[in-house]
1. Please report Rg over Rh for segment 2-189, where both radii come from the alpha carbon positions and Rh follows the Kirkwood definition.
2. Counting helices only, and only those DSSP H runs with n ≥ 4, report the 222 nm mean residue ellipticity of the chain as the sum of -39,500 (n - 2.57) divided by its residues, in deg cm²/dmol to the nearest 500.
3. Straight distance only, please: which lysines reach the Cα of Lys165 with their own Cα at less than 21 Å, same-chain residues fewer than 8 apart left out?
4. Need the full-extension length gain, Leu25 to Lys170, defined as separation in residues times 0.36 nm minus the C-alpha distance. One decimal, nm.
5. Tally up the carbon and sulfur contribution to the accessible surface of segment 2-189 as a whole percent, 1.4 Å probe, everything protein left in place.
6. Among residues other than Tyr38 whose Cβ falls under 9 Å from its Cβ, what is the net charge (Lys/Arg +1, Asp/Glu -1)?
7. Treat every Asp and Glu Cβ in the chain as -1 and every Lys and Arg Cβ as +1, leave all other atoms uncharged, and give the resulting dipole magnitude about the Cα centre to the nearest 20 debye.
8. Which residues in segment 90-127 have a backbone N closer than 14 Å to a point placed 7 Å from the Cα of Glu187 along the Cα-to-Cβ line?
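The values are calculated or read from the model by the stated rules, or taken from the named source; none is laboratory data. A quick note: this is a predicted structure, and the numbers were derived from the prediction, not measured. Neighbour counts are summed over all protein chains in view; Cβ atoms, including those assigned to glycine, are modelled from backbone coordinates with ideal geometry. Calculation scope for accessible area: heavy atoms of the full protein, side chains included, ligands and nucleic acids excluded. Shrake-Rupley method; radii C 1.70, N 1.55, O 1.52, S 1.80 Å.
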Amino acid sequence: MIDDIFRYEDEIKNRIGEKRFQHTLRVKDTAIKLARIYSVDEEKAEIAGFLHDCAKIRDIELLKQKSAEYGLNIEGELEKAPQVIHAYLGSILAQKLYNVCDKDTLNAIKYHTTGRENMSDLEKIIFLADSTEPMRNFEGVDKLRELSVKDLDMAMYYSLNNTIKMLADKNVYIVIDSIKARNFYREMVY
Ligand SMILES: [Fe+2]
Ligand SMILES: [Fe+2]
C-alpha cells in the first residue's frame, strides 16, 4: 500500500508545486510521530499525511475545474470558504486516483482544514500535524506542539480556538464544522 502511494510522488508534486510537496512530507513525518505516541496505525498516518494536500492547486480556477471534474459541489459553504475546497477534493482524489479506501484515512484528509465534532484520533493527528510540522511558524505554535504530544483534545481546542479568532479578525467566513468542533472540544477539556 505504502509503495503504491509513493509512486504518485511526481504526479502530486506537479499538481501542488515543490514547496507544498515538501510540506506534505513534513506533515507525514510529524503524523507518524504522533501516531506512535497515541498508538494509532502508523501506515494510515503516513498515507493521510502524505496525501492531505494532494489537491492543493494554487490556481483557483483550476481548482474549481478539477472539483467539477470529480463531482465536488462547491456551492454553499465551500464557495464562502474556498480554502477548504482542497481538503474535500483531496479526499476524493485519494480515493479515485490513489485507491485509498479506508474511510478514516479519507476523513482525515477531508477534515484536515476545518476539523469537525467527535474526530477520530487519526483525524486529529493529521489536523495537528498540518499546523505543527517543523517549518510552521505562528504565534502559539510552540504551545500547540507541546499540547499535541500530550493531549489531542486539548491541542484541538487550542488550535481551533486560535484559528477561529484569527479568521474572525480577518472578517472571513468560518465554516460551521469548525465552530461546532471548537465547542465540542471545549466541552471535552473543561
Ligand atoms: Fe491543507
Ligand atoms: Fe497542509
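1. That ratio is 0.94, to two decimals.
2. -20500 deg cm²/dmol
3. The qualifying lysines are Lys80, Lys124, Lys143, Lys180.
4. In short, 49.3 nm is gained.
5. Carbon and sulfur atoms account for 46 percent of the accessible area of segment 2-189.
6. Every neighbour counted, the sum reads +1.
7. 440 debye
8. Zone members listed by number: 116-119.
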